[in-house]
Amino acid sequence: MGSECLNERIILKMQQIVEVVIIGGGLTGAALASGLKKYGFDVAVIEQEDAPSFNPLSNPDLRVSAISGASVNLLKQLEVWPQVLRMRCAPYRVQEIWEYSMARVTLDARSLGLTELGYIVENHVLKYALSKRLYHQNVFLLYKTRLKNLQRINGIWHISLDNGKILQAYLIVGADGAHSQVRKLANIGIRGWQYAQSCMLISVRCLNHPGNITWQKLTPEGPRAFLPLFGSWASLVWYGEHNYIKKLKLMNMLQLKREIRLHFPDRIGNIIPIIAGSFVLNCSHAMNYILPGLVLVGDAAHTVHPLTGQGVNLGYRDVSTLITILKEARYQSDHWWSIKVLQSYQHQRQKDNHLMQNGIDLLYRIFSNQCLSVKIIRNLGLIVANNAGAIKNDVLAYMLGL
Ligand SMILES: Cc1cc2nc3c(=O)[nH]c(=O)nc-3n(C[C@H](O)[C@H](O)[C@H](O)COP(=O)(O)OP(=O)(O)OC[C@H]3O[C@@H](n4cnc5c(N)ncnc54)[C@H](O)[C@@H]3O)c2cc1C
């Protein structure tokens, strides 16, 4: 669709009330927009970045996500997944986690009767597939536009944008990430902290095929993880104390390669690092996900340590729940955006997000502890976990959102 024609339609639309305005067209905002549109909602998405594009010959995006089976199911329902498969992604069948090799946990898709545990997908690929779907569904998409202000007058949100326009909506969704402006403008507080670790992501080329096993070696300084990507590419995730990661960031690719050889297990094989970037890590939780006519989803509501690759997956659980609740409420009543309806979303999602957040934080604390007795106990714990049979499968199914 021509962007001129789209913009004309958007400006026309701005003069009337849109049912739902989503601030943030990232991984969760775009998926929510697609799901709500599918069930007949009138939706607009405001995204500060440019529209995503995709070049099949490009190097992988530095940002990649482990997408669980439940998230893949959501993306299938939204008719986004076939587009991801047509571009590029990598299934993984097994996940291995260990600190010492005699105490290793192996999670295998076959134990749950699955062909894969999930997929490693470049964030950019997923964003592009979502944006294509939104264009196809005729969702009103405003790229390179920022939210400036919010005001609720007589039950209608007046949403001021940095292009000088004002949108009106019954429901506004904050899908604008960890530093959510919707959350700030709505005066919703957060609890949280920054971890004592940062994380470096490194895209590498492997001389041997990277396979379909993801692995993570736990060390008290932080895990070192390997995620296979498409072709001969893989992504390394290196957690460490802030100053150490800063030091790594200053290295050229040759120096980084030497450092990887020293600090990653030998099974990494022969790799060539191509590009690297670092991220600070936060854990945060909004005090409230909702206000009358306002709701937060994804990182705007909660962030977790990426150790277990759950951030987007939790966001997609929010999205699935919210779509179901709004769809049913609209069928039953005219006031599907009422606080009573939104309370049901908060009730379901806050508990689940708390549980996952606390679980991940506990794992982080146990495995970053340097005390010898904790080391012994945690490795005994890994041995027990690996032999826990049905319980291990139940935990795995929960992590996969199944
Ligand atoms: C190093 C690292 C590794 C990770 N690995 C995984 C993993 O393997 N698996 C997993 O599930 N999760 C992972 N995560 C977490 C995951 O990246 C996030 O949970 C996810 O990106 C959140 O998506 P979101 O759409 O809620 O927020 P975001 O991705 O932050 O998107 C928010 C969007 O809102 C836009 N925006 C912000 N403010 C405004 C504004 N004022 N106006 C208009 N637009 C605005 C932004 O441009 C952005 O596009 C990882 C995170 C990190 C840091």
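Within the group Q310, Q357, Q332, which residue is surrounded by fewer than 22 Cβ atoms within 10 Å (Cβ to Cβ) and within 15 Å of the ligand (Cβ to nearest atom)?
None of the other options fit; the residue is Q357.
Which of the residues that make up segment 26-52 are within 12 Å of the ligand (Cβ to nearest atom) and part of a loop (DSSP other than H, G, I, E, B)?
G26, E47, Q48, E49, D50, A51, P52
Count, please, the residues in segment 313-329 that happen to be surrounded by 22 or more Cβ atoms within 10 Å (Cβ to Cβ), more than 9 Å from the ligand (Cβ to nearest atom) and of a type in the set (D, E, K, R).
1
For segment 221-246, enumerate the residues that are farther than 18 Å from P60 by Cα and either surrounded by 13 or more Cβ atoms within 10 Å (Cβ to Cβ) or within 16 Å of the ligand (Cβ to nearest atom) (or both).
Those that are farther than 18 Å from P60 by Cα and either surrounded by 13 or more Cβ atoms within 10 Å (Cβ to Cβ) or within 16 Å of the ligand (Cβ to nearest atom) (or both): E221, G222, P223, R224, Y239, G240, E241, H242, Y244, I245, K246.
Residue-wise test of (1) more than 18 Å from the chain's Cα centre (by Cα); (2) under 25 Å from S368 (Cβ atoms); (3) assigned to a strand (DSSP E or B).
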{"site": "I188", "(1), (2), (3)": "yes, no, no"}
{"site": "A196", "(1), (2), (3)": "yes, yes, yes"}
{"site": "S203", "(1), (2), (3)": "yes, no, yes"}
{"site": "N208", "(1), (2), (3)": "yes, no, no"}
{"site": "P220", "(1), (2), (3)": "yes, yes, no"}
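Which condition number in (1) in contact (Cβ under 8 Å) with a residue 24 or more places away in the chain; (2) of a type in the set (A, V, I, L, M); (3) in contact with a helix residue (DSSP H, G or I) (Cβ under 7 Å, 6 or more places away or on another chain); (4) away from the ligand (no atom under 16 Å from the Cβ) is the one that V304 fails?
(4)
Would you confirm whether any residue within segment 138-151 is of a type in the set (K, R) and crowded, with 20+ Cβ neighbours inside 10 Å?
No, segment 138-151 contains no residue that is of a type in the set (K, R) and crowded, with 20+ Cβ neighbours inside 10 Å.
Values quoted throughout were computed directly from the atomic coordinates according to the rules given, and no laboratory measurement underlies them. In this text, all values refer to a predicted model and were calculated from it rather than measured experimentally. Note that we place each Cβ from the backbone using ideal geometry, even for glycine, and neighbour counts take in every protein chain shown.
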